[in-house]
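Some notes on the structure that comes next.
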Amino acid sequence: MSVLSGKKIILGISGGIAAYKTASFVRLLIKAGAQVQVIMSPASCAFITPLTLATLSKRPVYTQFEKDFGEWTNHVELGLWADLMIMAPATANTLAKMANGLCDNLLLATYLSAKCPVFFAPAMDLDMFAHPSTKENIRKLKSYGNIEIESAYGELASGLIGQGRMAEPEDMLQTITDFFNNESTLYLKAKKVVITAGPTYEPIDPVRFIGNHSTGKMGFDIANEAAKRGADVVLITGPTSLTTTNDSIKVVKVLSAKEMYQACHEVFSSADIVIGAAAVADYRPKVVADQKIKKNDEEFTIVLEKNPDILASLGAIKTNQFLVGFALETENEIEYAKSKLKKKNLDLIVLNSLNDKGAGFGKPTNKVTFIDKDFTIFPQELKSKEAVAKDIIDQIVKSYVE
């Protein structure tokens, strides 16, 4: 049985020549067992008739606001009904309206009301596709959590050859099939995921601080990946120049370990998953000078005191939260990571070793090893931090479900 069997899918069609492909796409979806509700922009009716699509989908096709939608009350119910919505073709005009919240037809009203994952398949001439405004609208849509089905390179209706051709129906079917086959995509939907990232700065005086070389990239990539899969993400970050790629992520900025400790405890009770990817300073100056310390003596001593252990404090009070920690080690890596896993009552630990080439602070790549609460070890290859973020989320879901 296809994974699409019984899935409720809204197909939104806008006014472009690629609309002719939607007849084949609807047939493929129906053959896979999906329930398909077609909604068309008024302009799209010039390219393919509602009658054709109603016949293929075995449902009435909606094209405009009416007093009576039959079994539907309004566009809100349409948005709540679906397991997935796909805008295909998504013309430059429709992409711009979606990206900027414009709502002048039933299709766009349904998009803005949708609570399900939304895919979009751009289709337009190559110059329109290459225009900076179109690129920016696609970026904005992806930042909202919408998923692009990339257009293909090929012959266009204008006779030109380039990128902008809508993906073929078979390719779109495979994309959404893969989406539903991805257990972690479904599992994270509506889960609250709290992630810490970046360094902490522990002030010595108004000018100086104790810190480390963490850029925060690993934590930010994990946050972006979790949000992409539908999670409700809170990112608690120390000082960093990074920004998220998803506007739905709630970012909480902190400076010191004590501030990060407080921020984590404020959201912990409502969290489902907590990932401690921040490089938190273990110690802070016992006394912070009110004024800049002058360079007088040949030697200068700073007395340090221990910072609160954020992960250990959360592990001590967790109920049903899934708690993930990181370990950055330089020797006896596995042993130290296992000890930290047990001592802090973690469910999973992600081990980094500075002995691995390409891993560590300030690098675009990372090489990690997962160790679960049963001390099962899952070594990984050197990958980009974006790819490692995907592996981390996959491992969390796998361990969480089991």
Is there a residue in the stretch 347-358 that is farther than 25 Å from Glu202 by Cβ, assigned by TED's automatic domain parsing to the domain that holds Lys191 and free of Cβ contacts under 8 Å to residues at least 12 places away in the same chain?
no
Per the filter on the stretch 274-283, residues in a loop (DSSP other than H, G, I, E, B) and buried (at least 18 other Cβ atoms within 10 Å of the Cβ) are Ala277, Ala278, Val280, Ala281
Residue by residue through the stretch 1-47, note down the ones that are outside any helix (DSSP H, G or I), under 17 Å from Met166 (Cβ atoms) and among the hydroxyl-bearing types (Ser, Thr, Tyr).
Ser14, Ser41
Among Leu141, Leu126, the single one that is more than 30 Å from Val3 (Cα to Cα), in the same structural domain as Ala19 (by TED's automatic domain parsing) and either buried (at least 17 other Cβ atoms within 10 Å of the Cβ) or of a type in the set (Phe, Trp, Tyr) (or both) is Leu126
Is it fair to say Glu225 is outside the structural domain of Phe119 (by TED's automatic domain parsing), out of contact with any Leu (no Cβ under 9 Å at 6 or more places or on another chain) and either without any contact (Cβ under 8 Å) to a residue 24 or more places away in the chain or not hydrophobic (A, V, I, L, M, F, W, C) (or both)?
yes
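Every residue, every condition in (1) within 23 Å of the chain's Cα centre (by Cα); (2) in the same structural domain as Leu235 (by TED's automatic domain parsing); (3) not β-branched (Val, Ile, Thr), yes or no:
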position	(1), (2), (3)
Ala263	yes, yes, yes
Gln291	no, yes, yes
Thr319	no, yes, no
Leu341	no, yes, yes
Take the stretch 162-179 and flag every residue that is over 14 Å from Met87 (Cβ atoms) and either at pLDDT 85 or above or buried (at least 20 other Cβ atoms within 10 Å of the Cβ) (or both).
Gly164, Arg165, Glu168, Pro169, Glu170, Asp171, Leu173, Gln174, Thr177, Asp178, Phe179
Could you grab the pairs with beta carbons closer than 6 Å, sequence gap of 6+ or different chains, first residue in the stretch 52-64 and part of a helix (DSSP H, G or I), second one surrounded by fewer than 17 Cβ atoms within 10 Å (Cβ to Cβ) and of a type outside the set (Gly, Ala, Ser)?
Ala54/Pro60; Leu56/Arg27
Output yes when any residue across the stretch 281-292 is closer than 22 Å to Asp394 by Cα and at pLDDT 95 or above, and no when none is.
no
In the stretch 270-319, which residues are more than 18 Å from Val193 (Cα to Cα) and of a type in the set (S, T, N, Q)?
Gln291, Asn296, Thr301, Asn307
Give the residue that is farthest from Phe300 (Cα to Cα), with candidates limited to residues of the stretch 186-243 that are among the hydroxyl-bearing types (Ser, Thr, Tyr) and buried (at least 23 other Cβ atoms within 10 Å of the Cβ).
Thr196
Which of the residues spanning the stretch 331-360 are at pLDDT below 90 and surrounded by 16 or more Cβ atoms within 10 Å (Cβ to Cβ)?
Glu333, Asn352, Ser353, Asp356, Ala359, Gly360
Single residue of Leu102, Leu108 found to be surrounded by 14 or more Cβ atoms within 10 Å (Cβ to Cβ) and aliphatic (A, V, I, L, M)
Leu108
Considering only the stretch 255-273, I want to know if a residue exists there that is outside any strand (DSSP E or B) and within 16 Å of Gly145 (Cα to Cα).
no
Inspect the stretch 8-31 for any residue being within 27 Å of the chain's Cα centre (by Cα), surrounded by fewer than 18 Cβ atoms within 10 Å (Cβ to Cβ) and over 15 Å from Pro89 (Cα atoms) and give the result as yes or no.
yes
Could you tell me whether any residue of the stretch 284-304 is of a type in the set (Val, Ile, Thr) and outside any loop (DSSP other than H, G, I, E, B)?
no
Hey, Phe220 among the hydrophobic types (A, V, I, L, M, F, W, C) and outside any loop (DSSP other than H, G, I, E, B) or not:
yes
When the stretch 1-43 is checked residue by residue, the ones that are charged (D, E, K, R), in contact (Cβ under 8 Å) with a residue 24 or more places away in the chain and farther than 13 Å from Ala82 by Cβ are Lys21, Arg27
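The values are calculated or read from the model by the stated rules, or taken from the named source; none is laboratory data. Please read all numbers here as calculations on a predicted model, not as lab measurements. All Cβ positions, glycine included, derive from the backbone under ideal geometry; neighbour counts span all protein chains shown.
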